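A quick write-up on the structure given underneath.
The values are calculated or read from the model by the stated rules, or taken from the named source; none is laboratory data. A quick note: this is a predicted structure, and the numbers were derived from the prediction, not measured. Neighbour counts are summed over all protein chains in view; Cβ atoms, including those assigned to glycine, are modelled from backbone coordinates with ideal geometry.
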Amino acid sequence: MPELSPDQFSLVYNMFSLTIAAMFGTFVFFVLAKENIAVKYRPAIVVSGLVVLIAGYHYFRIFQSWDEAYTIGENGMYVATGVPFNDAYRYVDWLLTVPLLLVELIVVLALPREKSMDLLGRLVIASVLMIALGYPGEVSDSGSTQAIFFVLSFIPFVYILRTLWKELAVEIEHETGRVKELVEQTRMVLLVTWMFYPIAYLFNIAGGTADAEIGIQVGYTIADIAAKCGYGVMVYFIAREKTLIDSAPASAKAAGAKA
Ligand SMILES: *C/C=C(C)/C=C/C=C(C)/C=C/C1=C(C)CCCC1(C)C
């Protein structure tokens, strides 16, 4: 654990605190907003709520672990207490939440059952592999181990993004108007936010300096808020729009389809 200046320590401390607030705040939003959504799309909102609840809990533990890992030394810098900072909370969190994020999207699209199951099966397996293969590199101090597991984890990462991009493009063609726009935007949010993770991971390879440690923690934290809260709210917008369309009279639906 590198020595940190008070500003560096506080930046991470405050980012963790902000993330706890964002996760639980978004959870309350989903609980309240669920009522606006037709029963058919509600599971997507329930899963979005689960994701931010699970992540909020893990951030609480990550926050505690950060606080226990450092103490103020005689030189006024933050030094390691000897209690290791627990990276496993983050990876356990991803192992649970990443497949659920993919479920959110597939459920709200309401694809034909067989298509949903096929896509989900492949994406969930790939996402579990991606996280499980990233972990040994994240906790290793050896540059070559970090690099090898980066590459191994990157393979399922590309597979997921490519599958979502290509296969969802076909499904998006069937959507119209506002829903189509929202699905395209949500897919883009997923792509951009997920790219933050391998970039933040690269700070590991840059070495165990204070700046690298800050880059990793702040990078993952910003990515988690965007990829869970921001993306979850996008999924809610899709569900809301589909609810409105489904409950509109048939004539309005036809007009909507033409627009
Ligand atoms: C809410 C948490 C999310 C969306 C986490 C996503 C995590 C990734 C996309 C992680 C990807 C990684 C690589 C592609 C290579 C290096 C190791 C990882 C696990 C950081």
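Every listed requirement among (1) away from the ligand (no atom under 15 Å from the Cβ); (2) buried (at least 18 other Cβ atoms within 10 Å of the Cβ); (3) not aromatic (F, W, Y) is met by T186 save one, (1).
Of all residues in region 123-159, exactly one satisfies the criterion of being away from the ligand (no atom under 11 Å from the Cβ) and in contact with an Asp or Glu (Cβ under 9 Å, 6 or more places away or on another chain), namely V139. Scan region 218-259 for residues that are closer than 19 Å to M188 by Cβ and at pLDDT below 90 and the total you get is 0. A count restricted to region 127-146 and to residues that are charged (D, E, K, R) and loosely packed, with under 15 Cβ neighbours inside 10 Å stands at 1.
Looking at region 243-258, is at least one residue in contact (Cβ under 8 Å) with a residue 24 or more places away in the chain, of a type outside the set (A, V, I, L, M, F, W, C), within 24 Å of P99 (Cβ to Cβ) and crowded, with 17+ Cβ neighbours inside 10 Å? No: region 243-258 contains no residue that is in contact (Cβ under 8 Å) with a residue 24 or more places away in the chain, of a type outside the set (A, V, I, L, M, F, W, C), within 24 Å of P99 (Cβ to Cβ) and crowded, with 17+ Cβ neighbours inside 10 Å. Restricting attention to region 87-112, the residues being closer than 19 Å to I238 by Cβ, more than 14 Å from the chain's Cα centre (by Cα) and in a helix (DSSP H, G or I) number 4.
Please indicate, with yes or no, whether at least one residue in region 165-181 is under 14 Å from the mean Cα position of the chain (by Cα) and either loosely packed, with under 13 Cβ neighbours inside 10 Å or not in a helix (DSSP H, G or I) (or both). Within region 165-181, not a single residue is under 14 Å from the mean Cα position of the chain (by Cα) and either loosely packed, with under 13 Cβ neighbours inside 10 Å or not in a helix (DSSP H, G or I) (or both).
Look at region 1-29: where a residue is closer than 16 Å to R90 by Cβ and a partner is not in a helix (DSSP H, G or I), sitting 6+ places away or on another chain with Cβ atoms under 6 Å, you get M1/A80.
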